Amino acid sequence: MCNCTDTLIPQIGVITDIRTETPDVKTFRVVGRDGKKLFEHMPGQCAMVSVPGVGEAMFSITSSPTNTEFQEFSIKRCGSLTDYLHDMTVGEEITVRGPYGNAFPVETALKGQNLLFIAGGIGLAPLRSVINYVRDKRENYGTVDILYGSRSMDDLVQLKEIQEEWMNTPGVNVHLTIDREQEGWEGHVGFVPAYLKELEFSTDKTVLVCGPPIMIKFTLAGLIEMGFDKTQVYTTLELRMKCGVGKCGRCNIGSKYVCKDGPVFRCDEIDELPPEY
Amino acid sequence: MQELITRAKELLADGTVSRVLGWKKGDLGWDPEPAYFDKAEELENFIYNPFCGANLSKYLIAAGKLEGTTLVFLKPCDTYSFNQLVKEHRVKKDKTYIIGVGCHGTLDPEKIRNTGVKGIADAVLEGDRVRLNTLYGDKEAAAAEVLLDRCLVCKGKTHVVCDELIGAEPGEEAGPGELAVNRFAQVEELENLPPEERFAFWQEQLSRCIRCNACRNVCPACSCLKCVFDSSQFDSNQKANADTFEEQMFHIIRAFHVAGRCTDCGECSRVCPESIPLHLLNRKFIKDIDTFYGEYQAGADTESKGPLTDFTFEDVEPGIIAERGGGR
Amino acid sequence: MYRVKKDRLTELFTSVSKVQDLFLPLRKCDQTNYGLWTPEETFDLDTLKTVKSAKDCFFPQSEVLYRCRKEDGKISIDPQQLCDRPFVVFGMRACDVKAVEVLDRVFLSDPVDSFYKARREHGTIVSMACHEPEETCFCRNFEIDPAAPGADVETWLTEDSLYWKPLTEKGEALTAAAEEFLEKTEDGDKTVEEEQTAIRGIVEKLPLSHLDLSRFKQENTMELFDSPLWEEMYKPCLACGTCTFVCPTCQCYDIRDFDAGKNGVQRYRCWDSCMYSDFTMMAHGNMRTSQMQRFRQRFMHKLVYYPANNDGLYSCVGCGRCVSKCPASLNIVKVIKKLGGEA
């Protein structure tokens, strides 16, 4: 009998569903071999997903903790591991360890607040976990606005869930946008930061932003211009990680380890870090 | 040394060069550091002494991307590396102003320590003796015992390329040492060992490798923008030996890759923290190339075709492998 | 205080090595490194600094975490057995002993690294005072006393004897086990005190003993980070990993797979270096694209970030290995002087 248990030793996960979200994003549903959830997590937390012999990488958990049956990961094809994952089929096994990192403060700072979610592209993945958590505990939160944009209509992740479920939740307003005009799209066209200004939100909201760095940069500038304070804005950072527990040193910026002290940071906290993210 | 500083200042002042690449005083007398000097006043920290073993040629790849001409001080053997880099289109002669500096051998602090000397504060090379000032009193060592390995096979005191010479006489000959007469003596010794003993020798040496990559990063012939060993697509690891095979594979592949281009500058062995005699692998290739394709000194000029990138009817036939006992 | 005659050390080591693994500085090919001692090996207690530190004994350069196999689409995971054999590391200097504390704070903090913890629990450290400190030593700046190296047992090596003083329970246990070779000594204290005075006297006079570290504080993070001096300092850096791999406190690691053929996949971890270009490389980009940034990270981590998380403890112990081994003669002392000024 082996005497070893360590956070670096993963669990075995079974893929029970794969949804093609966009041409390069798929959502994988994962459970343990016993058919149950692998672990409990909070919105914003991540897990290390691996295919032995191919690689291991950190992905945010996109399903809500309120889902009692499984975890989901929305994964964009962008390297050797994600290529391999995209070619896998339902029933195949992977390894998962986690959850890692902090979470959006859904039970503390965000409670009772009006929320504004701003996401770009695959950046919806971590926010979807919070959005569904908030929808399931609707009474604990104020108004919910979701501003989500992507390159094209085909690049909007979770579109079915957005249209069928989010848009029909009372007190939840969804604002979609795509970068360029496209046949069959009747919604807004334009970049997320530009649309944000057009929407003229009141500043009585707590904002959660996630997307490509360039979008975050301009969105943050837009929010400040609109009168938001940095203490009202949360985002997640993404860096290379190996251990997930603040030891291997890879995601170290300043005195923080993004895998352990993050990935969720309030924007005024990020200002105190050397700009290496 | 003052002459070098004065000349560098002149060349900076008249705009011939935009910066100077040389050696800067360290904290301990034996640890000068390769350094750029952009202004005349910075040259006050310039130093040139027998501890300036570092071959500055490879830094010229980076310097070549900067505006203007770089003045570089090269020892005779360093100029071979420079020529080879020119031949490989890694550096441009017209972006470089070379002052050839005289050299009477460079010292290896590691070898000094190995003679049992501790706390070296300073060392002076005087003829065939090195006088050492240490924390524990004055000591002495025979120069031949503490010279860098490369100096034992000195190619001579001639700079194969330079714009001017300071402190060096053209045509000055290298001192006669046993190895300078036959630089392949150590290689031959290894060749004459039974295969199992030769294998044991290299295993003992290479098993000390810590995979720091200093040999590769310092090597003027290793100028690939991205090394195959740094590729994540390659089933190897540049940071640790996943097994005993890998430590040998890394060094042997590297030796193959620099074969025909290695000038035998000895930087690999100079920087190895574990003092592995890596130059012997490269020198074995040089010896074989000499035997198979005729004597060839990489970096002796910038025009001749390398033996492994050229073809002649006199080239050795592959059958030589069987003749040498390497076939099955 | 106990004493063992120098010429009986081999007997002492033989006796210890019969019941547990004994790691000693071993002399091979003109170099001294820690290794498992057997009577056929030559130990070397005179060389002050092993090339690599004793870090490998607790955090090896490369170690398997678990093995994976895939059969009929089913993955099986077989974790590596944790260290369960007691061992002794003999001859660690004060700086390397302090470095273990630096590593402890990383690997024993929550969540505990079980691989490291098992080795720490099973390892007994016998330290040795630095008879003749060298010019590259600068441990004094980190309040380390090479005349009183600490750990489980501390020892002093003189002309003819090794003086032995157990400090912990583990140290007492080892002392009891080696009783046969250790004689109690009355005048030992005096000899040791003399040796200590001599060592401390030399330390005061070492060229790198008086550095000013006062600027390396968390509140100066951004000022130090933005300093234009990094741009000047990094240029000779070859981007190799020598400083990292000879450093007793560097703790960054990588996790990789080794395809062991029909034996499945070994997932192992190995030391990594923030000096390497792929350290922060991700599928979609790299947050440190220049060597200046990577160079800065190493020193900021040791002098500012690590202390910020660990009650002001620096992640440098002044062992001086980087001073003697850097191929370009760059080192943390030069960085401290340049950024912090000299006292």
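Quick note: the coordinates plus some simple rules give every number you see, no bench work behind them. Predicted, not measured: the structure shown is a model, and the values here were computed from it. Cβ: placed from backbone, ideal geometry, glycine included. Neighbour counts: every protein chain shown.
Toward the positive end of the charge dipole of chain A, with +1 on the Cβ of Lys and Arg and -1 on the Cβ of Asp and Glu, the farthest Cα among A:HIS41, A:GLY249, A:VAL54 is that of A:GLY249. With the gyration tensor restricted to C-alpha atoms of the protein assembly as shown, the semi-axes of the equivalent ellipsoid amount to 51, 36, 29 Å, longest first. Considering chain B as a Gaussian network with a 10 Å cut-off on Cα pairs, which listed residue, B:SER269, B:SER57, B:SER231, attains the greatest mean-square fluctuation? The residue with the greatest mean-square fluctuation here is B:SER231. Size of the range B:31-134: Rg and Dmax of its alpha carbons, in Å, are 16.0, 47.
Here chain B is treated as a sphere whose radius is the Kirkwood value from Cα pairs; by Stokes-Einstein at 10 °C and 1.306 mPa s it diffuses with a coefficient of 75 µm²/s. May I ask what percent, to the nearest 5, of DSSP beta bridges between residues of the protein assembly as shown are antiparallel? Antiparallel: roughly 65 percent of the beta bridges in the protein assembly as shown. According to the calculation over all Cα-Cα pairs in the range B:11-50, the P(r) per 10 Å bin from zero is 32, 49, 17, 2 %. Of A:GLY112, A:GLY44, A:GLY244, which has the largest mean-square fluctuation in a 10 Å C-alpha GNM of chain A? Comparing A:GLY112, A:GLY44, A:GLY244 in the GNM, the peak value goes to A:GLY112. Hydrodynamic radius of the range A:128-277 by the Kirkwood approach over all distinct alpha-carbon pairs: 17.0 Å.
Measuring between their Cα centroids, the range B:128-142 and the range B:186-229 lie 32 Å from each other. Label-to-label distance for C:GLU232 and B:ALA322 is 6.6 nm, based on points extended 7 Å past Cα in the beta-carbon direction. Its relative contact order, with pairs defined as Cα atoms under 8 Å and 6+ residues apart, puts the range B:182-328 at 23 percent.
What value, in deg cm²/dmol to 500, does the helix sum -39500 (n - 2.57) over DSSP H runs of n ≥ 4 give at 222 nm once divided by the residues of chain B? Value at 222 nm, helices only, nearest 500: -9000 deg cm²/dmol.
Under 11 Å from the 7 Å Cα→Cβ point of A:MET226, by amide nitrogen: which residues of the range A:261-277? Answer for the range A:261-277: none.
For chain B, the longest principal axis of the alpha carbon atoms and the long axis of helix B:279-293 meet at an angle near 70°. A Gaussian network model of chain C, with springs between Cα atoms under 10 Å, assigns the largest mean-square fluctuation among C:ASP84, C:ASP257, C:ASP110 to C:ASP110. Using a simple spin-label model with pseudo-atoms 7 Å out from Cα toward Cβ, A:THR169 and C:LYS6 lie 7.7 nm apart. The aspartates and glutamates within cross-link reach of A:LYS260, meaning a Cα-to-Cα straight distance under 13 Å and a gap of 8 or more places when in the same chain, are A:GLU238, C:ASP110.
By how many degrees, 0 to 90 and rounded to 10, does the Cα axis of helix B:76-87 deviate from the longest principal axis of chain B? Roughly 70 degrees between the two axes. Note on chain A: helix-only mean residue ellipticity at 222 nm, from DSSP H runs of 4+ residues weighted -39500 (n - 2.57) and normalised by residue number, equals -5500 deg cm²/dmol.
Long hydrophobic helices in chain C: the complete DSSP H runs spanning 24 Å or more by Cα along their own axis with mean Kyte-Doolittle hydropathy of at least -1.0 are C:188-205.
Rounded to the nearest 10 degrees, the inclination of helix B:195-206 to the longest alpha-carbon principal axis of chain B is 40 degrees.
The value obtained for the range C:186-329, namely the Cα convex hull volume divided by the number of residues, is 206 Å³ per residue. Put the Cα centre of the range C:139-190 next to the Cα centre of the range B:41-104 and the gap is 51 Å. Each of A:ILE18, A:PHE70, A:LEU81 was scored by the projection of its Cα onto the charge dipole of the range A:11-100, and the greatest displacement toward the positive side belongs to A:PHE70; charges sit on the C-beta of Lys, Arg, Asp and Glu. The distance linking the range C:287-318 with the range A:68-126 is 31 Å (Cα centroid to Cα centroid, whole angstrom). Over every Cα atom in the range B:182-328, the radius of gyration and the widest Cα-Cα span, Dmax, amount to 16.0, 43 Å. Restricting the calculation to Cα atoms, every distinct pair contributes to the Kirkwood radius of chain A, found to be 19.2 Å.
Under a model in which nothing but the beta-carbon of Lys, Arg (+1) and Asp, Glu (-1) is charged, chain A shows a dipole of about 740 debye around its Cα centre.
Take the Cβ-Cβ distance between C:LEU213 and B:ASP290 as r, set R0 to 60 Å, and report the resulting FRET efficiency rounded to the nearest 0.05. Efficiency, rounded to the nearest 0.05: 0.65. P(r) for the range A:11-100, from all Cα pairs and a bin width of 5 Å, is 3, 15, 28, 30, 18, 6, 0 %, short bins first. Directionally averaged projected area (chain C, Cα convex hull): 20.2 nm².
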